[in-house]
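The values are calculated or read from the model by the stated rules, or taken from the named source; none is laboratory data. Owing to the predicted nature of the structure, the values given are computational and were not obtained by experimental measurement. Don't worry about glycine lacking a Cβ; one is built from the backbone with ideal geometry, like all the others, and counts go over all protein chains shown. Accessible surface areas use protein heavy atoms only, side chains included; no ligands, DNA or RNA. Shrake-Rupley method; radii C 1.70, N 1.55, O 1.52, S 1.80 Å.
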Amino acid sequence: MKVGARCGYCLLHRGYMIVLRSTDDEGIRLRAVADLLRLLADGFRPDTVPSYLGTDRDRLIKRVTGCPDAYADAKRLANARAMKLMPRLTGLLKVAGPEERFRMALKISCIGNVIEYDLPEHTVDIDEALGRLGEDFFIDDTDGLRKLAVPGAEFLLLTDNAGEIAFDGLVVRELKQMGCWVTVVVKGGPSLNDALLEDARDVGMMEAADEVITTGADAIGIRLEECSDEFREKFYGADAIIAKGMANWETLTELPAPSPTMYLLMTKCEPVAESVGAPLNRCVAKLVPAGWRL
């Protein structure tokens, strides 16, 4: 996916918010913002992929401020909040029929995608979002994904945010009950409020999944040229992929899908919503065939 006009505003707004989270030193803030403006002036072009430029932005801010993880505290709080909600959400699945249970697990996982900070005009309110659990997916290809979940199928789940990863565990457990092998992927280093290995441990994902690996990189979304050999082997060897969140949509749609891929996300900004073909703030479960690209 390429940038829209609004992406320029978002990249700058979010960068400034990350600077504020990273340091209280006004002199360092000034230097970081000045460097950020130069980066955006040079890098913002019609063929730019927003998450690629976002990664360059975040790495610049880390270098200038010396703060390796501006969202560390927010991630810990998000994990704790999500885990408090899990008994209630698990209870909802227990009373649902098999087919509806799988769809509901995917819906809860998708609703968890609301946990993202510093997006313009976006409010992180998981309670409000869960209140819309009865709302249908705007794009609902969950039946197609279920047909792929045959015994022995190897699934790759690309996680997005901390906190949200707790809800992803519901999908992992459903796939495991169907006899699938599930590899869960987190980031290889701090990237916005994306989940890391420590977040996977905090929410019990190490026990839920067959294995948990990292991308090998601190990039937003997926930049295959930076990923580890282990990740690339899993990426191209999976029978099906579930890609959570907007950044995975932005980056992976630049590549032919290596296998049937479900994009599971909430449309939190206009460029992504338009690209996906959905209104703002709706849950999308879009399944594309192997070889598809935007």
Exercise. If a cysteine in the chain has no other Cys Cβ under 4.7 Å from its own Cβ, put it on the list, ordered by number.
Key: Cys7, Cys10, Cys67, Cys180, Cys227, Cys269
Self-check item: segment 24-182, relative contact order [Cα under 8 Å, separation at least 6], %
Solution: 25
Exercise. Mind ranking 111-124, 183-196, 154-167, 37-50 by how tightly packed they are, going by the mean number of other C-beta atoms within 10 angstrom, highest first?
Key: 154-167, 183-196, 111-124, 37-50
Quiz item: Roughly speaking, what % of Cα-Cα pairs in segment 97-195 are separated by over 23 Å, rounded to a whole number?
Solution: 29
Exercise. With everything on Cα atoms, drop me the angle between helix 98-111 and the longest principal axis of the chain, reported from 0 to 90° to the nearest 10.
Key: 10
Exercise. Take Ala80, project a point 7 Å from its Cα along the Cβ direction, then tell me which residues of segment 189-210 have their backbone nitrogen under 20 Å from it.
Key: 193-205
Quiz item: Can you work out the FRET efficiency for the pair His13 and Leu255, with r the C-beta to C-beta distance and R0 = 25 Å, to the nearest 0.05?
Solution: 0.35
Practice problem: Over the Cα atoms of segment 1-73, compute the convex hull volume and normalise it per residue, giving Å³. | Solution: 79
Practice problem: Report the FRET efficiency, 1/(1 + (r/R0)^6), for Glu230 and Leu280, where r is their Cβ-Cβ distance and R0 is 25 Å, rounded to 0.05. | Solution: 0.10
Quiz item: Given that compact globular proteins tend to follow 2.2 N^0.38 Å, what is the ratio of the alpha-carbon Rg of segment 145-294 to that value?
Solution: 0.96
Practice problem: Just grab the label-to-label distance for Leu294 and Arg45, each label 7 Å out from Cα along the Cβ direction, in nm (one decimal). | Solution: 1.8
Quiz item: For segment 81-137, with the dipole built from +1 on Lys and Arg beta-carbon atoms and -1 on Asp and Glu ones, taken about the Cα centre, which of Ile111, Gly131, Ala82 lies farthest toward the positive end?
Solution: Ala82
Quiz item: Could you give the semi-axes, largest first, of the ellipsoid that matches segment 192-250, computed as the square roots of 5 times the alpha carbon gyration tensor eigenvalues and rounded to whole Å?
Solution: 18, 15, 12
Quiz prompt | Violating pairs (Cα-Cα greater than 32 angstrom) within the set Lys62/Lys176; Lys2/Lys176; Lys234/Lys286; Lys94/Lys268; Lys62/Lys244; Lys234/Lys268 | solution = Lys62/Lys176; Lys2/Lys176
Quiz prompt | Cα-based radius of gyration of the chain once divided by 2.2 N^0.38 Å, which approximates compact folds | solution = 0.95
Quiz prompt | Cβ-placed point charges (K, R +1; D, E -1), dipole of segment 140-181 about Cα centre in debye, nearest 20 | solution = 260
Exercise. Using a 1.4 angstrom probe on heavy atoms only, work out the carbon and sulfur share of the accessible area of segment 132-205 in %.
Key: 49
Quiz item: Which length gain, in nm to one decimal place, applies between Arg6 and Lys147 when the Cα-Cα distance is subtracted from 0.36 nm times their residue separation?
Solution: 47.0 nm
Quiz item: Under a point-charge model restricted to the Cβ atoms of Lys and Arg (+1) and Asp and Glu (-1), what is the dipole moment magnitude of segment 9-129 relative to its Cα centre, in debye to the nearest 20?
Solution: 400
Quiz item: Out of segment 246-294, which chymotrypsin sites (Phe, Trp or Tyr not before Pro) are coil in DSSP terms and have no more than 14 other C-beta atoms within 10 Å?
Solution: Trp292
